[in-house]
Amino acid sequence: MSQENVEIMRAGFAAWNAGDMDAVRETYDPEVIMRTPAGWPEPGPYVGREAVLRQLDQNRATWDADTFEPTSDFIDAADRVVVRAIWHGTGHGPDSDIEFTHVFTLRERKIVFVEYFWDHSEALETLGLSE
């Protein structure tokens, strides 16, 4: 099942980059929880798919265009998928490149928990992994 989770997350990133927010929405469980890292402009946590999607839409609206570019492999960690990525944003002022690690927990093909880390090593340590 965990390789399937990796493929779900790859498809989720592709959907985001294609602007297919309906497909992105379908990756999240209705009861999902999203935890942002310390120093994030709008601290969470965000509880429920609607709250998570509002936050994602708000962040996305910051730029005219944005993409996520994975900078690491998608790591299969049982019911979790870990990936480091840069969020590129252009327009509405200076371009932005924000790098952080995503840790997604999936159950029944849906994201039930997502946590972001500025430090990749910290994310891996949280899962009992090391670089």
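The values are calculated or read from the model by the stated rules, or taken from the named source; none is laboratory data. Just so we're clear, the structure is a prediction, and the values are computed from it rather than from any experiment. Note that each Cβ is placed from the backbone with ideal geometry, even for glycine, and that neighbours are counted across all protein chains shown.
Things to note:
- Positions within the stretch 27-45 being surrounded by 15 or more Cβ atoms within 10 Å (Cβ to Cβ) and in contact (Cβ under 8 Å) with a residue 24 or more places away in the chain, in sequence order: 27, 28, 29, 32, 33, 34, 35, 36, 37, 40
- In the stretch 91-131, of all residues being at pLDDT 90 or above and of a type in the set (S, T, N, Q), the one that is surrounded by the most Cβ atoms within 10 Å (Cβ to Cβ) corresponds to 101.
- The stretch 57-89, subset surrounded by 17 or more Cβ atoms within 10 Å (Cβ to Cβ) and aliphatic (A, V, I, L, M), residue farthest from residue 19 (Cα to Cα): 77
- Single condition residue 21 does not satisfy, out of (1) at pLDDT 95 or above; (2) farther than 15 Å from residue 87 by Cβ: (1)
- Filter result (free of Cβ contacts under 8 Å to residues at least 60 places away in the same chain and out of contact with any His (no Cβ under 6 Å at 6 or more places or on another chain)) within the stretch 76-89: 82, 86, 87, 88, 89
- Screening the stretch 1-105 for helices (runs of 4 or more DSSP H) wholly inside it with 2 or more residues that are in contact with a Gly (Cβ under 9 Å, 6 or more places away or on another chain) and closer than 15 Å to residue 115 by Cα returns the ranges 49-60.
- Any hit, the stretch 88-97, residues being within 21 Å of residue 8 (Cβ to Cβ) and of a type outside the set (A, V, I, L, M): no
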